[in-house]
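The values are calculated or read from the model by the stated rules, or taken from the named source; none is laboratory data. Here the structure is a predicted model, which is why all the values come from computation and not from measurement. Cβ coordinates were reconstructed from backbone atoms using ideal geometry, including for glycine residues, and neighbour counts include every protein chain displayed.
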Amino acid sequence: MDNKLLTIDVSHGTTHDGPGMRTTVFVKGCPLHCVWCQNPESIGRDNGVWWSFRDCIGCLSCVKVCRTNALSAGDAGIVIDRDLCVNCGDCADVCPSSAMSLQGREYGLEELLSDVLRYRHYYNEFGGGVTCSGGEPLLQSDFITEFFRRLKKENITTALDTCGFAPRERIGSVLQFTDYVLYDLKLFDSGMHKKYTGVPNELILENLLYIADSLRSSGGVKELWIRTPLIPGVTATEENIRSIGRFIAENIPDVLTRWELCAFNGICAAKYEKMGLKWPFNGQGAMAEEDIAPLRKTALEAVPASKLSITGMIRPGNGKDA
Ligand code: SF4
Ligand code: SF4
């Protein structure tokens, strides 16, 4: 088993990552590189530092402490030379304002369990539990399997939020101890999927069918949610929603609990800024009700209204029919 789990965040009181009030463990490392990724720091498996212009007070303690000379003061603030940085974290340790910080944090199994079990009364009171999201939890499947096994022993429900791009044996291992699967179907056309996420989608579709079968036969997994991010100009097209809807209707109507269309937001722009990366969606605002309405209508051709959910920040409509 992996001895430690590399995470970007452990967030308590979440309400969008499975039923009830939950703790969501955001795992670091992902095999996909979605151009719209809301958690860009979750993609890489190295635990590098990042710097926030907004929080920096310019004391230069980080520059002085760095033993590899990876940091310097430039015109626009602290410059990180990634070729020289060895991710030691010394600069983050001395930073008085947390402007310099490590992107991730490692947890041992007992440490993570004791952290999430502190909220047991909330899980019981509000029908929640623990979700592993990402990044991609299946990249660290040995740890997640054992983590979920221990949670089940404590009568805590478990949810796996996955992109589905993983070897079958990893999925099977985690599924034994999983109550809810939240499964991403982003783009139905495999060429488009490769263009925008870096990988084709055949394996993802095959794995979904495998999960559906195991849900039918084992009685272990309780619910299957499909999640589709609505990304303007990419996934948020009637053609894509229609194709995904058809796949759902033809293959998994009996085991689908919910199909969630997650409206785009640009809140993560600051993360790209901290990482010194350009984000193609910079400046793109929230979607409007009239953008969503035709997609909702298309999705309803495939699933009943009781199984369709639209989430995310949506601007009110302009009064015109979509
Ligand atoms: S993490 Fe270590 S090597 Fe990298 S910039 Fe900070 S002090 Fe330098
Ligand atoms: S130590 Fe922190 S506050 Fe000081 S210059 Fe470096 S990043 Fe800015």
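Tell me the residue from Lys194, Lys186 that is in contact (Cβ under 8 Å) with a residue 60 or more places away in the chain and either over 18 Å from Phe143 (Cβ atoms) or surrounded by fewer than 17 Cβ atoms within 10 Å (Cβ to Cβ) (or both), please. Show your work before the answer.
Values: Lys194 fails: in contact (Cβ under 8 Å) with a residue 60 or more places away in the chain.
Among Lys194, Lys186, only Lys186 is in contact (Cβ under 8 Å) with a residue 60 or more places away in the chain and either over 18 Å from Phe143 (Cβ atoms) or surrounded by fewer than 17 Cβ atoms within 10 Å (Cβ to Cβ) (or both).
Please tell me if Glu136 is over 15 Å from Gly18 (Cα atoms), buried (at least 20 other Cβ atoms within 10 Å of the Cβ) and of a type outside the set (A, V, I, L, M, F, W, C).
It is true that Glu136 is over 15 Å from Gly18 (Cα atoms), buried (at least 20 other Cβ atoms within 10 Å of the Cβ) and of a type outside the set (A, V, I, L, M, F, W, C).
Which of (1) more than 19 Å from Gln103 (Cα to Cα); (2) within 11 Å of ligand 1 (Cβ to nearest atom); (3) in contact (Cβ under 8 Å) with a residue 24 or more places away in the chain; (4) not small (Gly, Ala, Ser) does Ile57 not meet, given it meets every other one?
Unmet condition: (2).
State all residues of region 76-88 that are under 20 Å from Lys271 (Cα atoms), in a loop (DSSP other than H, G, I, E, B) and either among the hydrophobic types (A, V, I, L, M, F, W, C) or more than 9 Å from ligand 1 (Cβ to nearest atom) (or both); if no residue qualifies, say none.
Listed by number, the residues that qualify are Ala76, Cys85.
Within region 281-293, count every residue that is surrounded by fewer than 15 Cβ atoms within 10 Å (Cβ to Cβ) and either among the charged types (D, E, K, R) or at pLDDT 95 or above (or both).
0
Against the condition within 11 Å of ligand 2 (Cβ to nearest atom) and either surrounded by fewer than 17 Cβ atoms within 10 Å (Cβ to Cβ) or in contact (Cβ under 8 Å) with a residue 24 or more places away in the chain (or both), how does Val86 come out, does it pass?
no
Identify the residue in region 203-213 that is over 13 Å from Cys163 (Cβ atoms) and surrounded by fewer than 19 Cβ atoms within 10 Å (Cβ to Cβ) and, among all such residues, is farthest from the chain's Cα centre (by Cα).
Top of the filtered list is Asp213.
Can you name the residue in region 89-108 that is touching a strand residue (DSSP E or B) at 6+ places or on another chain (Cβ under 9 Å) and hydroxyl-bearing (Ser, Thr, Tyr) and is also nearest to ligand 1 (Cβ to nearest atom) among such residues?
Going through the qualifying residues, I end up with Ser101.
Among the residues of region 98-114, write down those that are part of a strand (DSSP E or B), surrounded by fewer than 18 Cβ atoms within 10 Å (Cβ to Cβ) and touching a Lys or Arg at 6+ places or on another chain (Cβ under 8 Å).
Glu106, Gly108
Across region 67-79, what is the number of residues that are within 10 Å of ligand 2 (Cβ to nearest atom) and under 18 Å from Met275 (Cβ atoms)?
3
Determine whether region 69-82 contains at least one residue that is under 21 Å from Asn47 (Cβ atoms), at pLDDT 95 or above, surrounded by 20 or more Cβ atoms within 10 Å (Cβ to Cβ) and in the same structural domain as Thr14 (by TED's automatic domain parsing).
Among the residues of region 69-82, not one is under 21 Å from Asn47 (Cβ atoms), at pLDDT 95 or above, surrounded by 20 or more Cβ atoms within 10 Å (Cβ to Cβ) and in the same structural domain as Thr14 (by TED's automatic domain parsing), which makes the answer no.
Could you give every pair whose Cβ atoms fall below 6 Å, whose first residue belongs to region 93-120 and is farther than 11 Å from Val10 by Cβ, and whose second residue is in a helix (DSSP H, G or I) and within 10 Å of ligand 2 (Cβ to nearest atom), counting only separations of at least 6 or pairs across chains?
If the second residue must be in a helix (DSSP H, G or I) and within 10 Å of ligand 2 (Cβ to nearest atom), the pairs left are Val94/Ser61; Val94/Val65; Cys95/Cys62; Met100/Cys62; Met100/Cys91; Met100/Ala92; Ser101/Ala92; Leu102/Ala92.
Just to confirm my filter: which helices (runs of 4 or more DSSP H) fall fully inside region 210-315 and include at least 3 residues that are over 29 Å from Trp51 (Cβ atoms) and out of contact with any Leu (no Cβ under 8 Å at 6 or more places or on another chain)?
238-251, 289-299
Can you work out which of the residues in region 140-170 that are among the aliphatic types (A, V, I, L, M) and either crowded, with 21+ Cβ neighbours inside 10 Å or more than 20 Å from the chain's Cα centre (by Cα) (or both) is farthest from Met21 (Cα to Cα)? Don't jump to the end; show me each part of the working.
So in region 140-170, the residues among the aliphatic types (A, V, I, L, M) come out as 144, 151, 156, 159-160, 166.
Next, from what is left, pick out any that are either crowded, with 21+ Cβ neighbours inside 10 Å or more than 20 Å from the chain's Cα centre (by Cα) (or both): 144, 151, 156, 159-160.
Values: Ile144: 20, Leu151: 16, Ile156: 12, Ala159: 12, Leu160: 15 Å.
Applying the filter and picking the extreme gives Ile144.
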